[in-house]
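Here the structure comes first, spelled out in structure tokens, and everything after it is commentary.
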Amino acid sequence: MIISNAVWVAIGFVLLMIFLWLFPITMWFQALISGVHISLLQLVLMRWRKVPPGTIVMAMITGTKAGLKLNANELEAHYLAKGHVPKVINALISADKANIELSFKMAAAIDLAGRDVFEAVQMSVNPKVINTPPVSAVAKDGIQLIAKARVTVRANIKQLVGGAGEETVLARVGEGIVSSIGSAASHKEVLENPDSISKVVLNKGLDAGTAFEILSIDIADIDIGKNIGAVLQMDQANADKNIAQARAEERRAMAVALEQEMKAKAQEARARVIEAEAEVPLAMAEAFRSGNLGIMDYYKMKNVQADTDMRESIAKK
């Protein structure tokens, strides 16, 4: 009998836990005494829709105590859409306390867009400072300047959905710094008045289409870099020298080719002379046979050749 009673007690306890899980009476009573009107049937249906009733009930209680008018169905729909219900409620409370106009639909849309809506509201109250990376620019006198800026931004609630992020703001600020320094006649003007860069960049409306509102742009540091003008002149001089060397090498190659061609022609001429000289004995033999050349004529020709060789040897000495 004792064992059977313990079994029945255990079964009753299990059934009670299942009943309380299916019918969260404690949450319903907690919501009721907190002034939140939500039915027990709705909490049961949340269980079936795989929505944690505790999350919705706590969000409703927190928002109601803060003076917000919330709808349980909207919170449940936002949770089913993979949204962060507590962050949305905290963002709505912070916006209401800071007198920032923010509806639940807007906050839910910002949250579903992948942005932290609570952080965005905090940034609207407390502006954020973004440090830009070093930006290199060259003034008209050819001197390079390396500037760093601090951009103070505030979240633009209305532009959080579809607005550009911090990367776009940094890119636009860097572009504005390059344009401002590049339009300066001398780098000394920029060093004397660095605030002129801030004024020029700030007046360009760089926050258009972004999720932020630029409050100020302050130049934190400016360093002098290279003399880009002198470097470009040196590079141009080296390029001109290389071109001149290439042209001289081309002319030298053409001269060598011409010399080789002349040598080839001279060798060809010598070969022809040797070939002609080889035919002389044959012609003389033919002349002897035909009677056109006598023996005395032959000796006279030999005397002339000997005399010529003697004159050439004397001339060489």
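The values are calculated or read from the model by the stated rules, or taken from the named source; none is laboratory data. Just so you know, these numbers come straight off a predicted model, no measurement behind them. Here the Cβ positions follow ideal geometry from the backbone for every residue, glycine too, while neighbour counts run over all protein chains shown. Heavy atoms of the whole protein, side chains included, go into the accessibility calculation; ligands, DNA and RNA do not. Shrake-Rupley method; radii C 1.70, N 1.55, O 1.52, S 1.80 Å.
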Centroid-to-centroid separation of segment 44-83 and segment 190-229 [C-alpha atoms, Å]: 46
Sequence-separation-based contact order of the chain, relative, with Cα cut under 8 Å and 6+ spacing, percent: 11
Euclidean distance of C-alpha centroids, segment 260-317 and segment 135-161, integer Å: 93
Kirkwood Rh, angstrom, segment 121-179 [1 / mean 1/r, Cα pairs]: 13.0
Reference-scaled alpha-carbon Rg (2.2 N^0.38 Å with N residues) for segment 101-214: 1.26
Tilt relative to the chain, helix 228-290 - C-alpha long axis, 0 to 90 degrees, to 10: 30
Square roots of five times the Cα gyration tensor eigenvalues for the chain, Å: 106, 36, 14
Accessible area of segment 213-285 belonging to carbon and sulfur atoms, whole % at 1.4 Å probe: 58
Cβ-derived FRET efficiency at R0 35 Å, N131 paired with V231, nearest 0.05: 0.75
Principal-axis tilt of helix 295-316 within the chain, Cα atoms, nearest 10 degrees: 50
0 to 90° range, to nearest 10: angle between helix 53-65 axis and the chain longest Cα axis: 80
Ellipticity estimate at 222 nm from DSSP helix runs (n ≥ 4, -39,500 (n - 2.57)) divided over the chain, nearest 500: -22000 deg cm²/dmol
GluC sites (Glu not before Pro) within segment 67-168: DSSP coil, no more than 10 neighbouring Cβ in 10 Å: E101
Average accessible area per residue (Å²) across segment 170-222 - probe 1.4 Å, nucleic acids and ligands excluded: 49
